[in-house]
Amino acid sequence: MKSFKPILFSLLVIILVVLVVENIEFFTDTYSLRIDLVFLDYQTPPIHLSIYFLGFFLIGLLLSYIYGLSERIKGKKIIKSQKEMITKLEEELNLIRGSSGTDNKRDTLPENN
């Protein structure tokens, strides 16, 4: 499995490079975005399409990181509460074992009748 991941990653990079090289004309074309609202009409300067792809990709990475961060925080809170519950239940179990151990000794002592 350790050697499979680098091979798969290398294959993915090779495929990505081939796709970019084969479509270099598409990525080097320049386009401008236009926003036409009722109160605002804005047009960006012409930018290479590859810059748009890179920008939207980075925005997606940022959004997924933020979503993952919130999930991690929720997970840490759940783990903390479960650890506290485990500690509480272990204390209760030790208390029960301690009291039942003394009761068992009294019950198992021979009677002197």
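Key figures
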quantity	calculated
Residue selected from region 42-77 under the condition free of Cβ contacts under 8 Å to residues at least 12 places away in the same chain and touching a strand residue (DSSP E or B) at 6+ places or on another chain (Cβ under 8 Å), by the criterion nearest to THR30 (Cα to Cα)	GLN43
Flag if ASP29 is within 23 Å of GLY55 (Cα to Cα), exposed (fewer than 10 other Cβ atoms within 10 Å of the Cβ) and not aromatic (Phe, Trp, Tyr)	no
Tally, over region 1-58, of residues that are out of contact with any Ser or Thr (no Cβ under 6 Å at 6 or more places or on another chain) and in a helix (DSSP H, G or I)	33
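Throughout, read-outs are computed from the coordinates displayed, never taken from laboratory work. Since the structure is predicted, the reported quantities are computational estimates derived from the model, not experimental observations. Note: ideal-geometry Cβ built from the backbone for every residue, glycine included; neighbour counts use all protein chains shown.
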